[in-house]
1. May I ask you to verify whether Ile130 is under 26 Å from Lys11 (Cβ atoms), assigned to a strand (DSSP E or B) and of a type outside the set (S, T, N, Q)?
2. Among the residues of region 57-78 satisfying the criterion of being touching a helix residue (DSSP H, G or I) at 6+ places or on another chain (Cβ under 9 Å) and not in a helix (DSSP H, G or I), which is farthest from Asn119 (Cα to Cα)?
3. Report yes if Asn152 is touching a residue at least 12 places away in the same chain (Cβ under 8 Å), on the phi < 0 side of the Ramachandran plot and not assigned by TED's automatic domain parsing to the domain that holds Gly47, otherwise no.
4. Looking only at region 1-56, which residues are buried (at least 17 other Cβ atoms within 10 Å of the Cβ), out of contact with any helix residue (DSSP H, G or I) (no Cβ under 9 Å at 6 or more places or on another chain) and either basic (Lys, Arg) or part of a helix (DSSP H, G or I) (or both)?
5. Yes or no: Glu82 in a helix (DSSP H, G or I), among the acidic types (Asp, Glu) and either under 25 Å from Tyr164 (Cβ atoms) or at pLDDT 95 or above (or both)?
6. Taking region 131-174 only, how many residues are within 15 Å of the chain's Cα centre (by Cα), aliphatic (A, V, I, L, M) and surrounded by 18 or more Cβ atoms within 10 Å (Cβ to Cβ)?
7. With respect to Ile102, is the statement that it is touching a residue at least 24 places away in the same chain (Cβ under 8 Å), over 23 Å from Gly260 (Cβ atoms), in contact with a strand residue (DSSP E or B) (Cβ under 6 Å, 6 or more places away or on another chain) and not in a helix (DSSP H, G or I) true?
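The values are calculated or read from the model by the stated rules, or taken from the named source; none is laboratory data. Please read all numbers here as calculations on a predicted model, not as lab measurements. Glycine also receives a Cβ, built like all others from the backbone with ideal geometry; neighbour counts cover every protein chain displayed.
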Amino acid sequence: MSSHSYISNSKNEDIFININGKLFPRSKAKISVFDSGFLLGDGVWEGIRLHKSKLVFIEDHLDRLYASAKGISLDIHYSKKEIIHQINKVLNRNKMDDNIHIRLVVSRGDKITPYQNPNANVGPVNLVIIPEYKKTDPNTYVRGINIGRVPNVRPNESILSPHYNTLSKLNCILASIEANKLGYDEGIMNDMNGNISTCNSTNLFFIKDDSVLTSTGEYCLNGITRGKAISVCNQNSIVCSETNFTFQDIKDCNEAFVTGTFAGIIPVSQLEDRKLDSTNSNSLVHKIRKLYNQKIQDYIG
């Protein structure tokens, strides 16, 4: 079980993928070996959900995409309207309308030679849109996930701003490998000051004495779902603090959950060797998840 466990769908074998405005069958969708993203992880990306023909929170996702691109001096020559058009073009070709997960990637484009300096780039950005039939495994919410501490830490802005959603994910990949070796589904990553920041692929919340605790957000990705979860708490008189804290402060917590675009609010059933109450039907996690799901329904209209 993981925060990204999903129900396999054979229809994904025959999907079309959008590369720079042209649609290709999955088996023929290819990018150059000289692409900056492939060579160096030089680019930005977003994961977007389609529910009932609606791109959920698309404005927030595109705002973050362009903010990340600006942060790494990457010029996206597409307008937000054009990107939405390109997303809809491939969705329509695939006749997709519900329970779709979209990976939107913008790399710095092709290089004339494998060299890191952008002055070796020869053309515009590469835009790739991969839509898949992808529904969360319902057992994720019933069984929850197991998380625990890993040695890998989150960087600060002087290294690479953790707010930039870049293709350079090695920091989190190594934390994921560390977590797997320790038997965890996700790894708890500290910031450079020893405070809890995030999990390797999701944002992280703890619940202690009916109060929700999460990091300041300074060293974690500014998750769209994270922001909605905080908003849901604030709008429903659920105490939610964004602050610095260590593992010692929450090792005796009652519940915990992680957030992500794909699965939304995911309960944490085990914190290292401790069982938590997060998957109980009367848990605060369950209440927050219901409120978040309602927020999506309100957005869909």
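1. It is true that Ile130 is under 26 Å from Lys11 (Cβ atoms), assigned to a strand (DSSP E or B) and of a type outside the set (S, T, N, Q).
2. Let us first name the residues in region 57-78 that are touching a helix residue (DSSP H, G or I) at 6+ places or on another chain (Cβ under 9 Å), namely 57-66, 73-76, 78.
If we keep only those that are not in a helix (DSSP H, G or I) too, we end up with 57, 73-76, 78.
Numbers: Phe57: 35, Ser73: 13, Leu74: 12, Asp75: 14, Ile76: 17, Tyr78: 21 Å.
Per the stated criteria, the residue is Phe57.
3. Criteria met by Asn152.
4. Selection gives Gly37, Phe38, Leu39, Leu40.
5. Working: in a helix (DSSP H, G or I): yes; among the acidic types (Asp, Glu): yes; either under 25 Å from Tyr164 (Cβ atoms) or at pLDDT 95 or above (or both): yes.
Yes: the conditions hold for Glu82.
6. The qualifying residues number 1.
7. Judged against the criteria, Ile102 is not a match.
This table checks each residue for (1) out of contact with any helix residue (DSSP H, G or I) (no Cβ under 6 Å at 6 or more places or on another chain); (2) buried (at least 22 other Cβ atoms within 10 Å of the Cβ); (3) touching a residue at least 24 places away in the same chain (Cβ under 8 Å); (4) of a type in the set (Asp, Glu).
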residue: Asp252; (1), (2), (3), (4): yes, no, yes, yes
residue: Phe262; (1), (2), (3), (4): yes, no, yes, no
residue: Glu272; (1), (2), (3), (4): yes, no, yes, yes
residue: Asp277; (1), (2), (3), (4): yes, no, no, yes
residue: Asn280; (1), (2), (3), (4): yes, no, no, no
residue: Leu291; (1), (2), (3), (4): no, no, yes, no
